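The values are calculated or read from the model by the stated rules, or taken from the named source; none is laboratory data. These numbers come from a predicted model, not from an experiment. Here Cβ is always computed from backbone atoms with ideal geometry, including for glycine, and neighbour counts include all displayed protein chains. Ligands, DNA and RNA are excluded from the accessible area calculation, which covers all protein heavy atoms including side chains. Shrake-Rupley method; radii C 1.70, N 1.55, O 1.52, S 1.80 Å.
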Amino acid sequence: MNRVLCSTGALIGRPNGRDFTLLEKFVPQLRCDGLELLMYDTWYDKIPALRSFIKGLAMPVYIFHLEKSIGELISYRKLNDALEKMELNCSLAKEMGAEKLVLHLWNGIISDKNIDYNIECYKYLEEIAHKHSLVLTVENVVCGNSDPWHHLCTLAGRYPSIKFTFDTKMADFHKQLDLIYDPKYRHVVDNFAHLHVNDRLGEYKDWSNLKVLHVGDGSVDFDRFFEFIKKTGYKGDFTTEATSFDQTGAVNIEKVNQTIDKIRRYVTS
């Protein structure tokens, strides 16, 4: 069954104080099958409250998006700090009932500057995830130096059983979405275990256009994308991460639900 999920990051951000308790109001209004929880770095001192709150929600957390600084710390060669955070994140994800993890193996201003080291250290992150019986997936995060598809190919060659989260917006940023349709990259596509279905506007590596848009509000060709994904036999989840709050923090739930419905129509048609 292909589930359609909503990222908590679509609902909670800086404008509304990254207040996870807002989910109590939002969740009953959502038409999705579950949540992808985005872990923020400002939540570490609130973990007991976060743990208790999420367990009480009336909607399951199927995907746990690891706090983004883990890969960034590795890039700065602060491996022990990264592994400590990985352990904490995995423990929390397991307690919440999550099945899969989304990892930014490279992130931030340093991005993929030291990518060979990050790729080497992936094995330590995977060991921790495996210990907690969680599936670790690496996302095709935008890059400052090289490009995400190159890194996914390198990872697939180094770790043949690795799993990926593929983000349509991230791919479009580097104008790499068409690469998934090339048969020579089928070994990478076959390792897709999760999909972030996001839209965007902007040219190649247009850093001024990083906003995550709702499906249909940008330039991504979703007709072709979903037609292809269905042909691959993909069985994983689809998550919308489209930013749905304004500068005041107010959330447009109806817009979120329209996107969820649109993705579901693509998936089931």
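Looking only at the range 92-102, decide whether some residue is under 18 Å from D33 (Cα atoms), part of a loop (DSSP other than H, G, I, E, B) and not acidic (D, E). Yes, the range 92-102 has at least one match.
Pairing residues of the range 230-250 that are closer than 13 Å to G9 by Cα and in contact (Cβ under 8 Å) with a residue 40 or more places away in the chain with residues that are crowded, with 18+ Cβ neighbours inside 10 Å and polar (S, T, N, Q), at Cβ distances under 8 Å and at least 6 apart in sequence or on separate chains, gives T239/S7; T240/S7; T240/N198; T240/T259; E241/S7; E241/N198; A242/N198; A242/T259. Hey, can you tell me all the residues within the range 104-162 that are assigned to a helix (DSSP H, G or I) and of a type in the set (V, I, T)? Listed by number, the residues that qualify are I115, I119, I128, T154. Residues of the range 12-36 that are under 19 Å from the mean Cα position of the chain (by Cα), within 22 Å of N2 (Cα to Cα) and open to solvent by 20 Å² or more (accessible area, probe 1.4 Å): D33 alone.
For S244, the requirement of being open to solvent by 70 Å² or more (accessible area, probe 1.4 Å) and of a type in the set (S, T, N, Q) is not met. Considering only residues in the range 69-99 that are among the basic types (K, R) and in contact with a Phe, Trp or Tyr (Cβ under 9 Å, 6 or more places away or on another chain), the one that is nearest to V27 (Cα to Cα) turns out to be K94. Taking the listed residues Y234, Y204, Y266, the one that is open to solvent by 20 Å² or more (accessible area, probe 1.4 Å), more than 24 Å from V138 (Cα to Cα) and aromatic (F, W, Y) is Y266, with no other qualifying. The number of residues in the range 20-41 that are among the hydrophobic types (A, V, I, L, M, F, W, C) and part of a strand (DSSP E or B) comes to 3.
Does the range 216-223 include one or more residues that are aliphatic (A, V, I, L, M), at negative phi, crowded, with 20+ Cβ neighbours inside 10 Å and not in a loop (DSSP other than H, G, I, E, B)? Within the range 216-223, not a single residue is aliphatic (A, V, I, L, M), at negative phi, crowded, with 20+ Cβ neighbours inside 10 Å and not in a loop (DSSP other than H, G, I, E, B). Only one entry in Y117, Y122 is in contact (Cβ under 8 Å) with a residue 40 or more places away in the chain and open to solvent by 50 Å² or more (accessible area, probe 1.4 Å), namely Y117.
When the residues of the range 247-263 are filtered to those that are outside any helix (DSSP H, G or I) and open to solvent by less than 70 Å² (accessible area, probe 1.4 Å), the one that is nearest to L5 (Cα to Cα) is V251. Here D178 passes the criteria (1) surrounded by 19 or more Cβ atoms within 10 Å (Cβ to Cβ); (2) assigned to a helix (DSSP H, G or I) except the one numbered (1). Scanning the range 73-93 for residues that are out of contact with any Cys (no Cβ under 7 Å at 6 or more places or on another chain), open to solvent by 20 Å² or more (accessible area, probe 1.4 Å) and farther than 17 Å from Y40 by Cα turns up Y76, R77, K78, N80. The residue that is surrounded by the fewest Cβ atoms within 10 Å (Cβ to Cβ), among those in the range 156-175 that are touching a strand residue (DSSP E or B) at 6+ places or on another chain (Cβ under 6 Å) and not charged (D, E, K, R), is F164.
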